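The values are calculated or read from the model by the stated rules, or taken from the named source; none is laboratory data. Treat the numbers as computed from the prediction; the structure is a model and nothing was measured. Cβ coordinates were reconstructed from backbone atoms using ideal geometry, including for glycine residues, and neighbour counts include every protein chain displayed.
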Amino acid sequence: MLDGLLILLIAYKIFTLVRGTQAVRLIKGLVVLAGLTVVAQVLKLPLLSWTLEKIWTMAFVALPVIFWPELRLLLDKLGRGRPFSRLVAGNFPLKALVGEIAAAVETMSRDRVGALIVIERETGLKEYVQTGTPLDALVSRLLLLQLFAKNTPLHDGAVIIKGNRVVAAGCYLPLSLDERLARELGTRHRAGIGLSKLTDALVVIVSEETGTVSLAENGTLTRYLDATTLAELLETRLAVEQRFPWRVWEWEAQKKRKKNEEPTSV
Ligand SMILES: Nc1ncnc2c1ncn2[C@@H]1O[C@H](COP(=O)(O)OP(=O)(O)OP(=O)(O)O)[C@@H](O)[C@H]1O
C-alpha cells in the first residue's frame, strides 16, 4: 500500500516536472510501448516480444540523453536541499535593489524598449553568464537603461544580476518549447520562461512591442505588471530567501508566496 503510494507520488512529481515539455510525448510513447509489451506477453507473440525487448533496451540507453534537461532540473532541485542556503540580497538593502530594477523597467516599458533581466537566486548561472559579456557593476536604473538602449552593442540578450551587481549582459538563455504558451509570446519571453523553468532564477521581461512587463518564475509567466507590483513581487520573492535561510522552511515560504495576489499568469 505504502509502496504503491510512493510510486504514485514519484510518478506525479515526474509528471509535474516534465509537464509542458516535449518529454510528455515521449512518456505517452513509453506508455503505448508498455501496453504493447503486455499484449505481446499475454498473447504469447514471440517475434513482437523480441522486437519490443530490443526497443526497450534502446530506449533505456537513449532516455537519459533525451530527458537531459528534465533530469538536470530534477538533480538541481534535489541539490538545493542543502541546510544553509545563500542569502540572495545579503549585505545590502533589498528595497534599493528592487527599486532600481523597477524604475528601469518602468522607463523601458513606457519607451517600448525590450529587456530581459535575470536575477540569480540559489542556482548558479555561470553557464549562462559565459554566453554573454562579463561585467561587474552595481545595479542601477541608469546602468540597466544603458545596457538595453536600442542600437547599443549589449542590448540583445539578457542581463544577469547576482546580488546587487550586474555580472553579464548580452547573455543567451534557453528557449522554452512549451506549446501552451500564448502565440504572441516571442523568443524574448520564451527565453525568460525557459531559464526560469530550468533554474530558480527570477526573470523580468519587458516587451519591446507592447511595453508589457512580465515576471517569469518556475516556468510560469505573470504578465501585465506595473512597476509597483513588480517591485512588491521581487521584494517578496527575494526577501523569502533572507527570512527563511533553511530549506526546511521552504514550504512556509511557498505558502506566503501564494497568499500574495498576483495578476494574470499564463
Ligand atoms: N535565447 C535568447 N536569449 C536571450 N535573449 C533572447 C533570446 N532569444 C531572443 N532574445 C532577445 O529577444 C529579442 C527578440 O525578441 P522577440 O521579438 O522575438 O520576442 P518577443 O517575446 O515577441 O518580445 P517583444 O514583445 O519584445 O517583441 C532578441 O533581439 C533578443 O534580444
query = What number goes with the only condition from (1) buried (at least 20 other Cβ atoms within 10 Å of the Cβ); (2) over 17 Å from LEU97 (Cβ atoms) that VAL167 does not pass?
reply = (2)
message = Filter the stretch 141-169 down to the residues that are among the small types (Gly, Ala, Ser) and touching a strand residue (DSSP E or B) at 6+ places or on another chain (Cβ under 9 Å) and list them by number.
response = GLY157, ALA158, ALA168, ALA169
request  = Looking at (1) among the aliphatic types (A, V, I, L, M); (2) more than 15 Å from the ligand (Cβ to nearest atom); (3) under 17 Å from the mean Cα position of the chain (by Cα), find the lone condition where LEU185 falls short.
outcome  = (2)
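Report yes if LEU238 is under 18 Å from LEU97 (Cα atoms), at pLDDT 50 or above and in a strand (DSSP E or B), otherwise no.
Numbers: under 18 Å from LEU97 (Cα atoms): yes; at pLDDT 50 or above: yes; in a strand (DSSP E or B): no.
Criteria not met by LEU238.
Which helices (runs of 4 or more DSSP H) does the stretch 116-216 wholly contain that include 1 or more residues that are of a type in the set (Ser, Thr, Tyr)? I'd like the intermediate steps shown before the answer.
Values: elements: 126-129, 141-148, 187-198.
Qualifying helices (runs of 4 or more DSSP H): 126-129, 187-198.
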inquiry  = Quick check on my filter: what residues within the stretch 127-156 are out of contact with any Gly (no Cβ under 9 Å at 6 or more places or on another chain) and among the β-branched types (Val, Ile, Thr)?
reply    = VAL129, THR152
task = Go through the stretch 145-167 residue by residue and tally those that are away from the ligand (no atom under 14 Å from the Cβ) and among the hydrophobic types (A, V, I, L, M, F, W, C).
result = 4
Complete set of residues in the stretch 192-202 that are near the ligand (Cβ under 10 Å from one of its atoms) and surrounded by fewer than 24 Cβ atoms within 10 Å (Cβ to Cβ) = GLY194
task = Take the residues in the stretch 111-126 that are within 22 Å of LEU145 (Cα to Cα) and surrounded by fewer than 21 Cβ atoms within 10 Å (Cβ to Cβ), then tell me which one is farthest from the ligand (Cβ to nearest atom).
result = ASP111
